[in-house]
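This report concerns only the one structure given below.
The values are calculated or read from the model by the stated rules, or taken from the named source; none is laboratory data. Everything numeric in this text was worked out from a predicted model, so none of it was measured. Every residue, glycine as well, gets a Cβ built from its backbone with ideal geometry; the counts of neighbours run over all protein chains shown. In case anyone asks, the SASA skips ligands and DNA or RNA and just uses the protein heavy atoms, side chains included. Shrake-Rupley method; radii C 1.70, N 1.55, O 1.52, S 1.80 Å.
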Amino acid sequence: MSEWLESAIARAQGINDWLAPKRAHALELLANTKWPTRKTEAWRYTPLRPVERTQAKVISDKVDLSPVSIADLSAIELVFVNGQFDQAQLAQTLPEGLSISLGGDLGSAEQSDALSVFSTIKPERHIFGLVNDALAQDVVVVTVAEGVEITQPIRVSSLLSQGAESHTRVQVALAAGSRLTVIEDVQAQGESFNTAFVEYNVAANARLEHYRFALQTGSNIAIGGSHFNLHDHAKMNSTIVGFGSDLSRLDTDIIHAGEFADAKLNAMYLLDGKELFDLHATVEHAKPNGKTEENVRCIVADRARAVFNGRIHIHRDAQKTLAELNNRNLLLSDKAEINTKPELEIYADDVKCAHGATVAQIDKQALYYLQTRGVSRSKAQVMLNFGFINELIDLMPNAALAEWIRPIIRERFAQMEVK
């Protein structure tokens, strides 16, 4: 066990609140969990040295931070500043049928309900998910009533100041027939360390539109997860956009717990310098007639390293499943690295499943062609890279988010040179 994990366990043991039973369970599991090394398959390409040497610490003093504004987006803002929920930034009157509360402020019956589902969707194999279980204190509980459509997106922003450590947690429950859009966003200043996990329970016939923007770069360490439980005829559409940093790791788990559930996942990440981004996506088809469509695209420049592990598990009873996983990667440098591992594990015999992965370099003839037509090398590179990613941006259901992220990605491309 690392010194950092020992310190985290010691800190968690001093917390006594409504989450005490779950915290105790997480601490018990952590005490018997080996610190991941290169011999640990799930962390084979993602060393944890940045975590072991981080100087980030919990900052209890109040810090005034606000999320970056997004043009034409009117959202209900849930803001964590250095791990503490900022109630003042949730000033508006909530739509009828939507409830947002801190777990500690709930009544005894509601608190018991929240406690019974806490950490039941996120698998226990995630070591930093257990760390989050143990250290998260301001847990926000979001519920949408049956049949209610919330037209305003909910934006969950985790903001960190220089040198801050934070552990944020949100539980989202969509009742039968409801609709909701959730945007997850991490914004960090300078060296920081955060774990940010959200669990979604999507009831029968409910619809979830989901986004996660992991745009922190530099010396930041970001480890988190988005975890989904889909019931009968539930639908979700998720988009992930990530940049690399000293260590960025995101785990996504989708559980088809009901029949005819439908999941779409589109992910894109862009890395430069010596950055690292690791995306692990697991889909569990536990019931029949489920559908999953997963598209992941990655562009890696300079000496950056990307990791993708996509696993689709078709259980024995999950007949009539349709599942497709497609991973495409572009290397802009001879020293850039991508480690990709698409997996299909099938135990049913009446399914249609496919998976594939490609790793390629930018087309030098296309680059040369554009240059001979008067386009500068840097602009030609941006054009070719953007074409590789833009297809997934066009699939984003929220037009305001698509228009906001496009110039950010173009600027990112402009910093990434073909070498």
request  = Report, by residue number, each residue of the range 342-373 that is modelled with pLDDT under 95, under 24 Å from Ala318 (Cα atoms) and open to solvent by 80 Å² or more (accessible area, probe 1.4 Å).
outcome  = Asp349, His355
request  = Quickly run through the range 1-40 and pick out the residues that are open to solvent by less than 80 Å² (accessible area, probe 1.4 Å), within 21 Å of Phe193 (Cβ to Cβ) and basic (Lys, Arg).
outcome  = Arg23
key: Subset of the range 149-181 that is in contact with a strand residue (DSSP E or B) (Cβ under 7 Å, 6 or more places away or on another chain), part of a loop (DSSP other than H, G, I, E, B) and over 28 Å from Ala134 (Cα atoms) - its residue that is most open to solvent (accessible area, probe 1.4 Å)   = Gln152
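Is it fair to say Glu52 is open to solvent by 30 Å² or more (accessible area, probe 1.4 Å) and in contact with a helix residue (DSSP H, G or I) (Cβ under 7 Å, 6 or more places away or on another chain)?
Numbers: open to solvent by 30 Å² or more (accessible area, probe 1.4 Å): yes; in contact with a helix residue (DSSP H, G or I) (Cβ under 7 Å, 6 or more places away or on another chain): yes.
Criteria met by Glu52.
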key: The lone exception for Ala318 - which of (1) without any contact (Cβ under 8 Å) to a residue 40 or more places away in the chain; (2) open to solvent by less than 10 Å² (accessible area, probe 1.4 Å); (3) assigned to a loop (DSSP other than H, G, I, E, B) it fails   = (1)
ask   = Which one of the conditions (1) part of a strand (DSSP E or B); (2) more than 12 Å from the chain's Cα centre (by Cα); (3) closer than 22 Å to Leu135 by Cα does Val283 fail to meet, given that it meets all the rest?
value = (3)
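Within the range 258-280, restricting attention to residues that are open to solvent by 10 Å² or more (accessible area, probe 1.4 Å) and assigned to a strand (DSSP E or B), which residue is nearest to Asn327 (Cα to Cα)?
Restricting attention to the range 258-280, the residues satisfying the condition of being open to solvent by 10 Å² or more (accessible area, probe 1.4 Å) are 259-260, 262, 264, 266, 272-275, 280.
Filter once more, so that each one left must be assigned to a strand (DSSP E or B): 262, 264, 266, 280.
Details: Asp262: 19, Lys264: 14, Asn266: 10, His280: 12 Å.
Only one residue fits best here, namely Asn266.
Would it be correct to say that His231 is surrounded by 21 or more Cβ atoms within 10 Å (Cβ to Cβ), closer than 22 Å to Tyr211 by Cα, at pLDDT 95 or above and over 16 Å from the mean Cα position of the chain (by Cα)?
On the way: surrounded by 21 or more Cβ atoms within 10 Å (Cβ to Cβ): yes; closer than 22 Å to Tyr211 by Cα: yes; at pLDDT 95 or above: yes; over 16 Å from the mean Cα position of the chain (by Cα): yes.
The answer is yes for His231.
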remark   = Filtering the range 82-105 for residues that are open to solvent by 30 Å² or more (accessible area, probe 1.4 Å), touching a residue at least 40 places away in the same chain (Cβ under 8 Å) and over 26 Å from Ala164 (Cα atoms) leaves a count of 3
task = Hey, can you tell me all the residues within the range 235-257 that are free of Cβ contacts under 8 Å to residues at least 60 places away in the same chain and touching a strand residue (DSSP E or B) at 6+ places or on another chain (Cβ under 6 Å)?
result = Lys235, Met236, Ser238, Ile240, Gly242, Ser248, Leu250, Thr252, Ile254, Ala257
